[in-house]
Amino acid sequence: MAAKDNMKMAHDMESMDHDMSGDTMMHGGHMMHMGNLKQKFWVALILTIPVILLTPMMGLHLPFQFTFPGSDWLVLIVATFLFIYGGKPFLQGAQMELTERKPAMMMLIALGISVAYIYSVWAFIANHFLSTVPHQMDFFWELATLITIMLLGHWLEMNAISSAGSAVEKMAALLPGQAHVLQADGSLQDIELAELQAQQQVVVKAGEKIPADGRVVAGQSAVNEALVTGEAKLIEKTPGAQVIGGAVNGTGTLTIEVTGTGETGYLSQVMKLVQQAQQHKSQAENLADKVAGWLFYAATIIGLVTFIVWLSLSGLNVALERTVTVLVIACPHALGLAIPLVVARSTALGATHGLLLRNRNALEAAKQIDTVLMDKTGTLTEGNFKVKSVVAFDQESQDDILRLMAALEANASHPLAVGILAAAKAQKLALPTATDVKQLSGVGLQGRIDQVDYAIVTAAYLQQKQLDFEQTLYDELAAQGNSISFLLRGEQVLGLIAQGDQIKPNAADFIQHLKARGIRPVMLTGDNQAAAALVAQQLGIDDFHAQLLPEDKTKMVAQYQAQGQRVLMVGDGVNDAPSLAAAEIGVAIGAGTDVAIDSADVVLVRSDPADIINFLNLAQRTMRKMVQNLWWGAGYNIVALPLAAGILAPIGVLLSPAVGAVLMSLSTIVVAINALTLKLK
Ligand SMILES: Nc1ncnc2c1ncn2[C@@H]1O[C@H](COP(=O)(O)OP(=O)(O)OP(=O)(O)O)[C@@H](O)[C@H]1O
Ligand SMILES: [Cu+]
Ligand SMILES: [Mg+2]
């Protein structure tokens, strides 16, 4: 019954306090049994006072101590209550570890307090009822202080976990409680955020938070999206612009049509990602778990040796005290926190700086990356194509070429399609309807207009099909950095459209940073050789591959991997998704397609490649903190265990069980503070 209630409570706790559940899980479930540690600590502290006053520490009477007739009975009762009430979380945790056959920290604590308690009770019985046994020293003093300090340590530990995870809570707090919904008669009605639906129009007044993702339909204002994307500057929003729920409106009033609410909203997706990332165990955590296991066996063996050696040297009392200290000091509960706290802090930090870490192993893989493969359009360039020239080879006019190509592209989302459509719109061309439109991946597309088959293709495709085109003109346009699309009617090349793109402002800087880190930048593109060469040259990329089909990109990833390179791949398109999945780390540009984002380990919310440097920095700092925390959480035992075992006893250095507990708790606090001081810059 009691165990069931506990489990239920644990579940309630988890759902209430979702940001903690990740760490609770990672703790192998120990936290679930901890109950109200704060209350237990205060009760234990108060009950410890009489024990400290009424019983000698290690047989030594301190000046403030006293006894009265029957005081030893009082001590026995208080200590028994302390053991059951204060020790319960640890005893239950140990039971759980036993049933899971994964002995770790709770076993050590439980072993420590049980040995101290049972031995003390035996001493009490011997001293009172067995006149044949010589006087025995009890450990009630040690037991009480140990339990109190353990409770304090684990209570602080819970606090540390929740404050590291609270970034998610902070994000949740970004959303306002209510939204002003615009009614048909033009009035405003305030409704709860939970009832807000897509397609409703809401009014956001000056200084208010935007309640949901949406599109501006009226008004103009500068919006601060800093807390959501990490971008510090104000972004001007005019009708047609997208807004993100949780962003803060500036001085204007905006009317917004809601596109994403609740579960589907950007912010809740970010929160979900952060939570998922925190729940998903990384390799480092598995390592930490293993170390905790080893530590248990090491502590048990050292404890046993300590007991035997001290028993032969100084008798049972000293032997027991040393053994309890060894068990307590080895308690690897700082270790259980060492990695989860860093990861929680790191994913939260990334999320508030425009880096969504979908897979935590990416942080660990980052330091081995030596090659960064990147897509050109949309990653290094804006993907914002402008038509530079339209050329007709036959009797069609330039407008005919543009009209036909725009008709074919009417429903395509490729950046080249967007450019062609914009040009057709600017010319106010009336577009015919294309039917049977089909994507030709890595080439373009085909379709029918007025019963005639057309296609939009690349030069590489024409070459492969041995179709003639105006090579000199093509070379000239391509050398200027244009991406060139040809229009085919059947097998006849009717004309071409050349479009230019702009390099992203931070791209050159980004390439420089990569090189400075000793990482080789490589550009992969489906675009033509000349346009690719121009971008590569402008950015200082020595290594690039052009005219790649989507499957070629995946082959390139495999090829670099076969050379022993660790590959990070950046991309945005559907065609990049398989390579993102194949690379050691896949990074999707936030403005990219959903498929790319789904295959990626990391998403760059701001669509700025320079954020990859931020990611590499974050990964490096995160790993450094993890290693430091492993040392603070487990490595300190290299010094502490021999000390606890009494190796320095000959020169007078001995640790009491309580001091052992203080040291153990200190290591937890160091680990927590160390994790919380993780910064991006
Ligand atoms: N809808 C389209 N309209 C016109 N051309 C297209 C279209 N789709 C693909 N193409 C042609 O196929 C080529 C390869 O397209 P893809 O989207 O695979 O490029 P990519 O490998 O992502 O390269 P990048 O993004 O670096 O330009 C493009 O350069 C373009 O010439
Ligand atoms: Cu501990
Ligand atoms: Mg692309």
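Looking at Ile647, is it within 16 Å of ligand 2 (Cβ to nearest atom), surrounded by fewer than 19 Cβ atoms within 10 Å (Cβ to Cβ) and of a type outside the set (Asp, Glu)? Taking the combined requirement at face value, the residue does not satisfy it. Among the conditions (1) at pLDDT below 85; (2) outside any helix (DSSP H, G or I); (3) within 16 Å of ligand 3 (Cβ to nearest atom), the only one that Asp576 does not satisfy is (2). State whether the residues of region 452-469 include one that is more than 16 Å from ligand 2 (Cβ to nearest atom), under 21 Å from Ala546 (Cβ atoms) and touching a Pro at 6+ places or on another chain (Cβ under 6 Å). No; the residues of region 452-469 include none that is more than 16 Å from ligand 2 (Cβ to nearest atom), under 21 Å from Ala546 (Cβ atoms) and touching a Pro at 6+ places or on another chain (Cβ under 6 Å). Close contacts from region 376-404, counting a first residue that is in the same structural domain as Val570 (by TED's automatic domain parsing) and a second that is within 16 Å of ligand 2 (Cβ to nearest atom), with Cβ to Cβ under 8 Å and a gap of 6+ residues or different chains, come to none at all. Looking at this structure, is Ile647 out of contact with any Ser or Thr (no Cβ under 8 Å at 6 or more places or on another chain) and either away from ligand 1 (no atom under 16 Å from the Cβ) or within 30 Å of Leu108 (Cα to Cα) (or both)? Taking the combined requirement at face value, the residue satisfies it. If only residues of region 358-400 that are basic (Lys, Arg) and within 15 Å of ligand 1 (Cβ to nearest atom) are counted, the one that is farthest from Val522 (Cα to Cα) is Lys388. Scanning region 360-374 for residues that are more than 19 Å from Ala610 (Cβ to Cβ) and among the hydroxyl-bearing types (Ser, Thr, Tyr) yields nothing. Per this entry, Lys367 is counted among residues that are more than 27 Å from Asn528 (Cα to Cα) and charged (D, E, K, R).
Looking only at region 568-588, count how many residues are more than 10 Å from ligand 1 (Cβ to nearest atom) and buried (at least 24 other Cβ atoms within 10 Å of the Cβ).
Going through region 568-588 one residue at a time, the tally reaches 10.
A Cβ distance below 9 Å, combined with a sequence gap of six or more or placement on separate chains, defines the contacts here; from region 76-89, residues that are outside the structural domain of Tyr119 (by TED's automatic domain parsing) and under 17 Å from Gln39 (Cα atoms) reach no residue that is of a type in the set (Asp, Glu) and surrounded by fewer than 19 Cβ atoms within 10 Å (Cβ to Cβ).
For region 541-560, the criterion of a residue being more than 8 Å from ligand 1 (Cβ to nearest atom), of a type in the set (Asp, Glu) and over 22 Å from Asp598 (Cα atoms) is satisfied by at least one position.
Being in contact with a helix residue (DSSP H, G or I) (Cβ under 9 Å, 6 or more places away or on another chain), over 30 Å from Asn614 (Cβ atoms) and surrounded by fewer than 18 Cβ atoms within 10 Å (Cβ to Cβ) is a property that does not hold for Arg517. Restricting Ala410, Ala426 to residues that are of a type in the set (Gly, Ala, Ser), more than 16 Å from ligand 2 (Cβ to nearest atom) and more than 22 Å from Gly526 (Cβ to Cβ) narrows the list to Ala426. Remark: pairs (first residue in region 182-200, at negative phi and without any contact (Cβ under 8 Å) to a residue 12 or more places away in the chain; second residue surrounded by fewer than 13 Cβ atoms within 10 Å (Cβ to Cβ) and assigned to a strand (DSSP E or B); Cβ separation under 6 Å; 6+ apart in sequence or on different chains) = Gln183/Gln189.
Can we say Ala479 is more than 18 Å from Ala530 (Cα to Cα) and away from ligand 1 (no atom under 15 Å from the Cβ)? When the stated conditions are applied, Ala479 does not pass them. Answer with yes or no whether Asn384 is surrounded by fewer than 18 Cβ atoms within 10 Å (Cβ to Cβ) and either at pLDDT below 85 or not small (Gly, Ala, Ser) (or both). Yes. Whenever a residue of region 470-496 is more than 16 Å from ligand 2 (Cβ to nearest atom), its partners that are assigned to a helix (DSSP H, G or I) and not aliphatic (A, V, I, L, M), lying with C-beta atoms within less than 7 angstrom and at least six residues away or across chains, give the pairs Ile484/Tyr474. Quick one: Leu227 ticks every box in (1) modelled with pLDDT under 65; (2) in contact with a Ser or Thr (Cβ under 8 Å, 6 or more places away or on another chain); (3) surrounded by 22 or more Cβ atoms within 10 Å (Cβ to Cβ) bar one, so which box is it? So Leu227 meets the others, but not (3).
Residues in region 533-551 that are within 15 Å of ligand 3 (Cβ to nearest atom), surrounded by fewer than 18 Cβ atoms within 10 Å (Cβ to Cβ) and either assigned to a helix (DSSP H, G or I) or under 31 Å from the mean Cα position of the chain (by Cα) (or both): 2 in all. Of all residues in region 589-602, exactly one satisfies the criterion of being within 11 Å of ligand 1 (Cβ to nearest atom) and surrounded by fewer than 24 Cβ atoms within 10 Å (Cβ to Cβ), namely Thr593. Just one of the listed residues (Ala366, Ala330) is touching a helix residue (DSSP H, G or I) at 6+ places or on another chain (Cβ under 6 Å), in contact (Cβ under 8 Å) with a residue 12 or more places away in the chain and more than 16 Å from ligand 2 (Cβ to nearest atom), and it is Ala366. The sole residue among Ala344, Ala365 that is among the aliphatic types (A, V, I, L, M) and surrounded by 24 or more Cβ atoms within 10 Å (Cβ to Cβ) is Ala344.
The values are calculated or read from the model by the stated rules, or taken from the named source; none is laboratory data. As the structure is a computational prediction, the values presented were derived from the model and not from experiment. Quick reminder, even Gly has a Cβ in these numbers, built from the backbone with ideal geometry, and neighbours come from all protein chains shown.
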